[in-house]
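Contents: one structure, followed by commentary.
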Amino acid sequence: MDNAREKRSLGTAIKTAREQQGISQRRFALMTGTSRSYLWKVESGSADVGIDILCKIARALDMNVGDLIDF
């Protein structure tokens, strides 16, 4: 199953929230324990995101996982 639309939607939500909070990708990578290149892939919708990473991303943004998913 191809979830390209959902991955792009999730990535856009993450990027928007990160930018609204003034967090750089580098700092965000440190906050989530991931690499900048991986976060770029997540934000562009080209990477699969596991629940563990999604929880770390939501925590770093001080949000609930559900706030990032609108599909």
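Which one is least open to solvent (accessible area, probe 1.4 Å) among residues in region 46-57 that are over 13 Å from I69 (Cβ atoms) and touching a residue at least 12 places away in the same chain (Cβ under 8 Å)?
Result: A47.
Output the residues belonging to region 1-29 that are of a type in the set (A, V, I, L, M, F, W, C) and either within 13 Å of I69 (Cβ to Cβ) or loosely packed, with under 14 Cβ neighbours inside 10 Å (or both).
M1, A4, L10, A13, I14, A17 - these are the residues of region 1-29 that are of a type in the set (A, V, I, L, M, F, W, C) and either within 13 Å of I69 (Cβ to Cβ) or loosely packed, with under 14 Cβ neighbours inside 10 Å (or both).
If I ask for residues that are within 11 Å of the chain's Cα centre (by Cα) and either among the charged types (D, E, K, R) or more than 14 Å from I23 (Cα to Cα) (or both), which ones from region 52-62 would you list?
Residues satisfying the conditions are I53, L54, C55, K56, R59.
Of the residues S46, S9, which is small (G, A, S) and in a loop (DSSP other than H, G, I, E, B)?
Selected residue: S46, the only one of S46, S9 that is small (G, A, S) and in a loop (DSSP other than H, G, I, E, B).
The values are calculated or read from the model by the stated rules, or taken from the named source; none is laboratory data. Source: prediction; values computed, not measured. Neighbour counts are summed over all protein chains in view; Cβ atoms, including those assigned to glycine, are modelled from backbone coordinates with ideal geometry. The accessibility values were calculated without ligands, DNA or RNA, using every heavy atom of the protein model including side chains. Shrake-Rupley method; radii C 1.70, N 1.55, O 1.52, S 1.80 Å.
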